[in-house]
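Notes for the one structure printed next.
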Amino acid sequence: MKKEILISAGLLGSMAAFPQDAKPAAKPNIIFIYADDLGKGLLSAYGQTQFTTPNIDKLVNDGVSFSRAYGCMVSAPARASLLTGYHDCRTDKWRVSPGGRFVPLRDNAAIAREEAQIDAQDIVLPQNDYYLPQVFKEAGYATAQIGKLEWGFTATRLQMEHRGWDYYYGYLDHVRCHGFYPPYLFENGEMVFIDGNTRNDCGKSIEQETPETYAERHDMAGKSVYSQDLFLEKILAFIRENKNRPFFLYHPTQLPHGPVAVPQVYPEIARNPNLTAIEKEYASMVKMLDIHVGIIMDELQKLGLEENTMIVFSSDNGHEIYYSQRGRVEKPYRNLKTGELFNDFTNKYYTEFSGDVFNGNASMAGLKRSNLEGGVNVPLVFYRKGQIAENRVVGQLVANYDLLPTFAEMLGVELPVKKDGVSFWKILTENQKFQSDRYVVFASNIGPAVIENSGWKLRHYAPKDVFELYNLNTDPQERHNLIDKYPEIARKLKAVLLKECNGDLRNGINRAG
């Protein structure tokens, strides 16, 4: 294990340099920005009215966006599905470890002992079954991951090395990720301490807004350097150091996952009279993500890489609320008109009943952790200036676990092992279509679900062991259960779901972490 190093806030060190080619890269660079808990409705391209996200909107408006793209119901299985190409109803391809293993630890030896326990229980893909960065390495790319690393909930340095990352920087423990002022991060095997950040909890704040929690959130003792600013510096440095060779840069962001913490409230948002103090801070977290996307795009333009770089933007799961206040929007989530708690079944979450000023789930049913559309339907955008058709919306059904085989086809890399995902590269570039019976599956805390490309969706509600059938083409808000009217469709989809869950629908809950 490499020795621990100490750096000050302004001296972030240099990342491992890669050999520099003499000519510009012939293959397109890929920058994949994977937002955390970003519901579709938080983007002004998808209807946000309280603030604007012009840089991400540019990706949507000048690129190819998918209207029926699916992640998972929480972050860990979403990232695992993305990086392995296997959906989260499986139990044999990856494991989610407990989070919080590093929270009290600031000693390399103690962390190494925790890592050894995690590694001993890990599920590792066979050598000929590629993780996503290994696909890019097969094509000669430099690979980097900067931000909320791997899927956790506590990841290890051995996993980072094994899965094909040439360079990495960020958090390995996803509970520590709930604070934005880390006393240390990990960089290529080393603990890198951040001068001025002294909180073991990384400055995690308390969610429910009260005068006391407002004061606690604004107590900046031990909170000097904001993590997303560190990530941006490392991202720009990686792009500059690898401008002359093809690279794959994966940025799993912290933003806008809460609890709420942000260095500043942006003027556009500060002037909005519709928002409370904590809502303005939360909106500024989304705004900061958008601004950072713009800075990355500007850097590509300055370096002459804009036309040779594809930017992919998506989110791991649906919307979550971190700005609850009594009488305005409440957690546990409840119908403010009736006082009843939402249960994802007889009383589904809808913005019209919740009081959410942002409508972060874009008026869909449900939130993060649910198998309703608001929990799993995510933005997915591909942008490459002058190289991809502009302002095209694709209605074909895709999932996060399709991205690995899609990139493999793009790069001409043959996958030795068949994945659950399928490539949609020709759909993206040649406007081909999937067959109507193509389907995706995903898990949740209340059971798994399956969606066909034709628009039919079957969801399992585990607390009562019942199924619901919806036609998303005519009922995207999942208000009308059609299972009694179309029993044959339900039987067919139930058989698919049982097959994908290895005959046990509880797998759809177990994979949730």
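The values are calculated or read from the model by the stated rules, or taken from the named source; none is laboratory data. Fair warning: this is a prediction, and the values are worked out from it, not measured in the lab. Here the Cβ positions follow ideal geometry from the backbone for every residue, glycine too, while neighbour counts run over all protein chains shown. Side chains included, ligands, DNA and RNA excluded: accessible areas come from the protein's heavy atoms. Shrake-Rupley method; radii C 1.70, N 1.55, O 1.52, S 1.80 Å.
Looking at this structure, is residue 248 under 30 Å from residue 408 (Cα atoms), open to solvent by less than 10 Å² (accessible area, probe 1.4 Å) and in contact (Cβ under 8 Å) with a residue 60 or more places away in the chain? Against the criterion (under 30 Å from residue 408 (Cα atoms), open to solvent by less than 10 Å² (accessible area, probe 1.4 Å) and in contact (Cβ under 8 Å) with a residue 60 or more places away in the chain), residue 248 qualifies. Considering the range 75-102 alone, what residues qualify as being open to solvent by 30 Å² or more (accessible area, probe 1.4 Å) and either within 17 Å of residue 378 (Cβ to Cβ) or touching an Asp or Glu at 6+ places or on another chain (Cβ under 8 Å) (or both)? Across the range 75-102, the qualifying residues are 90, 95, 99, 101.
Here the range 271-296 is the region considered, the condition is being open to solvent by 50 Å² or more (accessible area, probe 1.4 Å) and out of contact with any Leu (no Cβ under 8 Å at 6 or more places or on another chain), and the residue that is farthest from residue 208 (Cα to Cα) is 291.
Does residue 97 meet the test of being part of a loop (DSSP other than H, G, I, E, B), in contact with a strand residue (DSSP E or B) (Cβ under 9 Å, 6 or more places away or on another chain) and among the hydroxyl-bearing types (Ser, Thr, Tyr)? So residue 97 fits the description; yes.
Please determine whether any residue of the range 367-380 is open to solvent by 50 Å² or more (accessible area, probe 1.4 Å), farther than 27 Å from residue 277 by Cα and part of a strand (DSSP E or B). No, because not a single residue in the range 367-380 is open to solvent by 50 Å² or more (accessible area, probe 1.4 Å), farther than 27 Å from residue 277 by Cα and part of a strand (DSSP E or B). Considering 493, 505, the condition of being of a type in the set (A, V, I, L, M, F, W, C), closer than 21 Å to residue 96 by Cα and in contact (Cβ under 8 Å) with a residue 12 or more places away in the chain is satisfied by 505 alone.
The residues listed here are 350, 322; of these, the one that is among the hydroxyl-bearing types (Ser, Thr, Tyr) and closer than 19 Å to residue 276 by Cα is 322. The residue that is most open to solvent (accessible area, probe 1.4 Å), counting only those in the range 297-347 that are acidic (Asp, Glu) and assigned to a loop (DSSP other than H, G, I, E, B), is 340. All of (1) closer than 25 Å to residue 374 by Cα; (2) touching a residue at least 60 places away in the same chain (Cβ under 8 Å) hold for residue 280 with one exception: (2).
Within the range 103-142, the residues that satisfy the criterion of being out of contact with any Lys or Arg (no Cβ under 8 Å at 6 or more places or on another chain), open to solvent by 70 Å² or more (accessible area, probe 1.4 Å), more than 28 Å from residue 410 (Cα to Cα) and not in a helix (DSSP H, G or I) are 104, 106, 107.
Conditions (1) touching a Cys at 6+ places or on another chain (Cβ under 9 Å); (2) of a type in the set (S, T, N, Q); (3) over 18 Å from residue 73 (Cα atoms), marked per residue:
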| position | (1), (2), (3) |
| --- | --- |
| 394 | no, no, yes |
| 425 | no, no, yes |
| 429 | no, yes, yes |
| 440 | no, no, no |
| 448 | yes, no, no |
| 480 | no, no, yes |
| 487 | no, no, yes |
| 507 | yes, yes, no |
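Looking at the structure I just gave you, is residue 127 farther than 26 Å from residue 331 by Cα and modelled with pLDDT of 95 or more? Considered against the rule, which asks whether it is farther than 26 Å from residue 331 by Cα and modelled with pLDDT of 95 or more, residue 127 comes out as no.
Being under 30 Å from residue 308 (Cα atoms) and among the aliphatic types (A, V, I, L, M) holds for only one residue in 206, 235, and it is 235. Against the list (1) crowded, with 22+ Cβ neighbours inside 10 Å; (2) modelled with pLDDT under 95, the condition residue 151 fails is (2). Note on the range 30-74: among residues that are surrounded by fewer than 23 Cβ atoms within 10 Å (Cβ to Cβ) and of a type in the set (Asp, Glu), the one that is farthest from residue 270 (Cα to Cα) is 62.
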